[in-house]
Each structure stands twice: as C-alpha cells, then as structure tokens.
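Worksheet for the structure shown next.
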Amino acid sequence: MTETSFYTREELQKLNLKSFGRKVLISRNAKMYNVSNIEIGDNVRIDDFCILSGKIKLGSHIHIASGVYMFAGDAGIEVEDFSGLSPRCSVFAISDNFSGQWLTSPVIYDEYRNVSSKKIILKKYTLVGTDTVILPGVIMAEGSTVGAKSLVRKKTEPWTVYNGSPAKKIKARSKDLLNLEKKFLKTWNSENAY
C-alpha cells in the first residue's frame with residue numbers, strides 16, 4: 001500500500017471517532033483529542049496541522065483548512081453542512097477569564113480559574129475567513145460569512161457578510177448557492193451511493 005497524506009477508511013475506524021461518514025479525508029498531520037466525542041458527516045476534509053479537541057460535530061460537505069484550531073471542551077462546537085473554515089482560524093468554545101481576578105492555564109487547579117464555556121454553532125453555508133477568531137457562545141446564522149482576520153464575539157444575522165475586529169455587518173450575501181446545492185447533491189448522491 002502506498003502511504004497517502006490522508007488516513008485510509010480502515011485507519012479512521014481504528015481512531016475510534018464517535019462516528020464518520022463517506023468520503024472523509026483527515027490529514028495524518030492533524031491532531032485530534034477526545035476522539036470519541038468527535039462526529040463527522042459525509043464528504044469532509046480536514047487538512048494538515050489542524051487541532052480538534054473536545055465535543056465536535058461536523059456535518060457534511062465541509063472543509064477545515066490547514067492550521068485550524070477547534071477547542072470545544074464539553075460545551076461543544078457544531079459546524080453544519082456546506083460550511084468551511086479557512087486557514088489558521090481559531091474557534092474557542094472554552095476560554096479563561098483574562099481580567100486578572102483569576103489565574104489562567106490548564107495547569108492551574110479549577111478552583112483558581114474562571115473558565116467560560118459556551119457552545120459554538122456554525123449554521124449551514126457559513127464561511128469563516130483566514131486568521132479569524134470565534135469566541136465562546138457565538139452562533140453564526142445560516143449563510144453568514146466572516147472576512148479574514150475578524151474577531152467574532154456575537155451572533156451573526158442570516159445571509160450577511162461580516163468583517164473586522166470586532167466583526168461588523170458589511171452587506172447582504174447572495175442565496176444563489178441554494179440552487180447549486182440541489183444540483184450538487186443530486187450528482188454527489190448518485191456517485192456516492194452505499
């Protein structure tokens with residue numbers, strides 16, 4: 001067998017993921033922690049140097065580009081179908097309190113820390129630009145996008161483009177991709193039937 005840069009299906013089974021679907025490509029250079037809490041749908045690709053840690057649920061037709069960090073803890077991160085994270089994004093469902101009133105770091109006992117832990121959800125058709133940071137509790141609404149180097153601290157509105165630090169609404173986003181989705185799924189499903 002020739003080694004590829006992605007795990008084979010048999011190797012994925014040995015990782016003991018909670019679940020994974022058809023056509024899943026995970027780089028051998030990606031790191032996953034608490035893999036029994038990671039669910040992956042169909043047609044998902046996770047590139048080199050990604051870190052996935054905690055309770056993570058990825059839908060179908062998703063790309064996680066190189067260098068993406070997803071720290072979910074027990075709160076969880078959910079990414080719905082047809083969404084994507086560009087290179088070097090950081091998604092934090094957990095974060096220390098930086099006010100100076102508490103100690104920080106996972107090497108400190110819990111009684112001396114104040115950790116925020118809130119689920120993050122990226123709804124269908126969301127896109128996150130390179131070097132963007134998403135903080136605990138954010139819900140990116142269906143079809144919303146965030147440009148490069150943004151800081152997302154609050155819920156976004158559906159089918160809206162955001163950019164900046166903190167991310168601010170820029171303009172509406174087209175819904176034309178909804179028609180393409182139907183055509184794509186018809187072809188994909190016929191080519192990838194069980």
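Read the figures in this text as sums done on the coordinates, not as results from a lab. Everything numeric here is computed off the predicted structure, so don't read it as measured data. Because the Cβ atoms are built from the backbone with ideal geometry, glycine has one as well, and the counts that use them run over all protein chains shown.
Going residue by residue through region 10-21, is there one that turns out to be out of contact with any helix residue (DSSP H, G or I) (no Cβ under 9 Å at 6 or more places or on another chain), within 21 Å of I134 (Cβ to Cβ) and touching a residue at least 24 places away in the same chain (Cβ under 8 Å)? The answer is no, given that none of the residues of region 10-21 is out of contact with any helix residue (DSSP H, G or I) (no Cβ under 9 Å at 6 or more places or on another chain), within 21 Å of I134 (Cβ to Cβ) and touching a residue at least 24 places away in the same chain (Cβ under 8 Å). Quick check on region 153-172: of everything there that is hydroxyl-bearing (S, T, Y) and either touching a residue at least 40 places away in the same chain (Cβ under 8 Å) or surrounded by 14 or more Cβ atoms within 10 Å (Cβ to Cβ) (or both), which residue is nearest to A141 (Cα to Cα)? It comes out as T156. A single member of A193, A141, A93 is out of contact with any Gly (no Cβ under 9 Å at 6 or more places or on another chain) and over 22 Å from G21 (Cβ atoms), and it is A141.
Report, by residue number, each residue of region 12-35 that is among the aliphatic types (A, V, I, L, M), closer than 14 Å to K55 by Cα and more than 15 Å from the chain's Cα centre (by Cα). L17 - this is the single residue of region 12-35 that is among the aliphatic types (A, V, I, L, M), closer than 14 Å to K55 by Cα and more than 15 Å from the chain's Cα centre (by Cα). From the list S105, S60, S99, S53, the one residue that fits, being without any contact (Cβ under 8 Å) to a residue 40 or more places away in the chain, within 28 Å of R22 (Cβ to Cβ) and outside any strand (DSSP E or B), is S60. Do you know which residues across region 129-144 are surrounded by 23 or more Cβ atoms within 10 Å (Cβ to Cβ) and more than 13 Å from the chain's Cα centre (by Cα)? Result: G143, S144. The one condition from (1) crowded, with 17+ Cβ neighbours inside 10 Å; (2) within 13 Å of the chain's Cα centre (by Cα); (3) closer than 18 Å to I121 by Cβ; (4) not hydroxyl-bearing (S, T, Y) that D47 does not meet is (3). Inspection of region 63-81 finds no residue satisfying the criterion of being part of a helix (DSSP H, G or I) and exposed (fewer than 15 other Cβ atoms within 10 Å of the Cβ).
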